[in-house]
Amino acid sequence: EVDWFSLASILFLLLFAPLIVYYFIMSCDQYQCSLTDSLRDLLTGNKHLSDIWNKTPMLTYRAAGIYCLWVAFQVFLYVFVPDFCHKFLPGYVGGVQEGAVTPAGVVNKYEINGLQAWIITHVLWFANAYYFHFFSPTIIFDNWIPLLWCANILGYAVSTFAMIKGYFFPTNAKDCKFTGNFFYDYMMGIEFNPRIGKWFDFKLFFNGRPGIVAWTLINLSYAAKQQELYGQVTNSMILVNVLQGIYVLDFFWNEAWYLKTIDICHDHFGWYLGWGDCVWLPYLYTLQGLYLVYHPVQLGTANVVGVLMLGLIGYYIFRATNHQKDLFRRTDGNCRIWGKKAKDSECSSMCVDGTKYYSKLMTSGFWGWARHFNYTGDLLGSLSYCLACGFAHILPYFYIIYMTILLTHRCIRDEHRCSSKYGKDWKHYTAAVPYRLIPGVF
């Protein structure tokens, strides 16, 4: 059943999330990234909403063509080009991999080739920028708002199609979830793993491509625009490109690991993922680079080193924490963490058929410091992107504010599920590891 708070939250997001994206992008385009000047104009009567809307660039045939080619190219790389990176990159896991067991007991297979798609895309991008010159490296920035309308069209189209598919021709009917509430089902999704054919998996494709592959291209386009406008690329822009580039590359290097995360293992595919990956991710996760086009910041040496170190420390914590968990799972707890035998708290759960299962929750290493210390590393990295932009405007800090809310909500959502699953054993585990994110604080 859908409680009133969940329904209110969903209606709020459906109504206001698209407006929030428009508000941020419009603020940069018309108000030099000020989030208050437009509100002041409206409140004082200097401008009406129609004035702001009329100055907003509309959808163009050029933007539609660019976007259709982009999505089609990513679909081609995803479906028709088997992974070859795992054949020559030591340690990389690619090719055909199995996902987690779904609630209906299905084990889906995936073609893991995101790193390959990222490499091919960026090789072609740099080849064009330095040799072929078919299009300007600033093409994304120059068409940024018309492309926003294209992304919205795709986001709503794929979300609506996924809902219709869930009702009438689901990939696996046993993995569908119907609440009876239209808005909840549209937002959170009906099908667990909607697919077309054997390999096109909606959830993996839209989570990883085209939004995350585009993330680094968008930042490169911002850097090219800075070069065009000011004759140089500032060190803050370089920092944002490098730190966010590390994050994106880490995602694709560990794409097989991503099959075991909350997005793939628990979330159904609806507007939350469909529209969110098409619009929210590429437009709001890249606000730092967009801000630096309008307000170039040249940091001092000490600040550059500080921001870089914060970002790298955050990344190290994020990756090392996840590595410890993966090692613990692979060895069923028979491993050493920080030179000592791994410790754990054993939990049991009951399946619907009456079968009892046992799980081990690690209490060693970073996982003994906090129950979601990987999120803590993620937040430190997110903060470093924002600090690279200085303190003149609040806009580039939206990312750390949003990520704090998102990851805190994930903590609570995940722990609610674990508490329901493990019962009193979960209380024993939380007594052993009392903090969620920040040891000694929260």
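Being assigned to a helix (DSSP H, G or I) and open to solvent by 50 Å² or more (accessible area, probe 1.4 Å): is that true of Leu59 here? Show your work before the answer.
Details: assigned to a helix (DSSP H, G or I): no; open to solvent by 50 Å² or more (accessible area, probe 1.4 Å): yes.
So Leu59 does not fit the description; no.
Return the total of residues in region 129-138 being part of a loop (DSSP other than H, G, I, E, B) and surrounded by 15 or more Cβ atoms within 10 Å (Cβ to Cβ).
Within region 129-138, the first condition is being part of a loop (DSSP other than H, G, I, E, B), and the residues that meet it are 133-138.
Those still in the list that are surrounded by 15 or more Cβ atoms within 10 Å (Cβ to Cβ) too: 136-138.
Result for region 129-138: 3.
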Positions within region 251-270 being open to solvent by 10 Å² or more (accessible area, probe 1.4 Å) and in a helix (DSSP H, G or I), in sequence order = Phe251, Trp253, Ala256, Trp257, Tyr258, Ile262, Asp263, Cys265
query = Consider Asn334 against the criteria (1) open to solvent by 20 Å² or more (accessible area, probe 1.4 Å); (2) in a helix (DSSP H, G or I): it satisfies all of them except one. Which criterion is unmet?
reply = (2)
ask   = Considering Phe161, Phe141, Phe126, which residue is touching a helix residue (DSSP H, G or I) at 6+ places or on another chain (Cβ under 6 Å), in the same structural domain as Gln226 (by the TED database), open to solvent by 30 Å² or more (accessible area, probe 1.4 Å) and assigned to a helix (DSSP H, G or I)?
value = Phe141
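Kindly indicate whether any position in region 351-358 is surrounded by 14 or more Cβ atoms within 10 Å (Cβ to Cβ), farther than 30 Å from Asp37 by Cα, of a type in the set (Val, Ile, Thr) and out of contact with any Pro (no Cβ under 9 Å at 6 or more places or on another chain).
Within region 351-358, none of the residues are surrounded by 14 or more Cβ atoms within 10 Å (Cβ to Cβ), farther than 30 Å from Asp37 by Cα, of a type in the set (Val, Ile, Thr) and out of contact with any Pro (no Cβ under 9 Å at 6 or more places or on another chain).
Taking region 74-122 as the search range and keeping residues that are among the aromatic types (Phe, Trp, Tyr) and more than 22 Å from Trp215 (Cα to Cα), which one is least open to solvent (accessible area, probe 1.4 Å)? First the steps, then the outcome.
Initially, region 74-122 is screened for residues among the aromatic types (Phe, Trp, Tyr), giving 76, 78, 80, 84, 88, 92, 110, 118.
Okay, now just the ones that are also more than 22 Å from Trp215 (Cα to Cα), so 80, 84, 88, 110.
Details: Phe80: 137, Phe84: 89, Phe88: 122, Tyr110: 8 Å².
Among them, the one singled out is Tyr110.
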remark   = Counting only residues in region 367-396 that are open to solvent by less than 30 Å² (accessible area, probe 1.4 Å) and of a type in the set (Phe, Trp, Tyr), the one nearest to Arg436 (Cα to Cα) is identified as Phe373
query = Is it true that some residue in region 124-139 is among the hydroxyl-bearing types (Ser, Thr, Tyr) and touching a His at 6+ places or on another chain (Cβ under 6 Å)?
reply = no
task = Note down all Cβ pairs under 8 Å where the first residue falls in region 299-327 and is within 17 Å of Ser382 (Cα to Cα) and assigned by the TED database to the domain that holds Met237, the second is crowded, with 16+ Cβ neighbours inside 10 Å and at pLDDT 95 or above, and they're at least six residues apart or on different chains.
result = none
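Would you check which residues across region 225-234 are open to solvent by 30 Å² or more (accessible area, probe 1.4 Å) and part of a helix (DSSP H, G or I) and list them?
Taking region 225-234 first, the residues open to solvent by 30 Å² or more (accessible area, probe 1.4 Å) are 227-233.
If the condition is that a residue be open to solvent by 30 Å² or more (accessible area, probe 1.4 Å) and part of a helix (DSSP H, G or I), then Gln227, Glu228, Leu229, Tyr230 are the ones that fit.
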task = Please go through region 419-433 and pick out each residue that is touching a strand residue (DSSP E or B) at 6+ places or on another chain (Cβ under 8 Å) and under 13 Å from His266 (Cβ atoms).
result = Lys421
ask   = Considering region 397-442 alone, what residues qualify as being assigned to a loop (DSSP other than H, G, I, E, B) and either within 28 Å of Lys356 (Cα to Cα) or open to solvent by 30 Å² or more (accessible area, probe 1.4 Å) (or both)?
value = Gly423, Val433, Pro434, Tyr435, Arg436, Ile438, Pro439, Gly440, Val441, Phe442
key: Residues of region 24-55 classified as in contact (Cβ under 8 Å) with a residue 12 or more places away in the chain and either under 27 Å from the mean Cα position of the chain (by Cα) or assigned to a helix (DSSP H, G or I) (or both), total   = 13
key: Which listed residue, of Tyr222, Tyr247, is aromatic (Phe, Trp, Tyr), open to solvent by 10 Å² or more (accessible area, probe 1.4 Å) and in a helix (DSSP H, G or I)   = Tyr247
message = Test of understanding: among Val297, Val304, which residue is crowded, with 17+ Cβ neighbours inside 10 Å and either in a helix (DSSP H, G or I) or of a type in the set (A, V, I, L, M) (or both)?
response = Val297
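The values are calculated or read from the model by the stated rules, or taken from the named source; none is laboratory data. In this text the structure is predicted, and so the values were computed from the model without any measurement. Every residue, glycine as well, gets a Cβ built from its backbone with ideal geometry; the counts of neighbours run over all protein chains shown. Please note that ligands, DNA and RNA were not included when accessible areas were found on the heavy atoms of the full protein model with its side chains. Shrake-Rupley method; radii C 1.70, N 1.55, O 1.52, S 1.80 Å.
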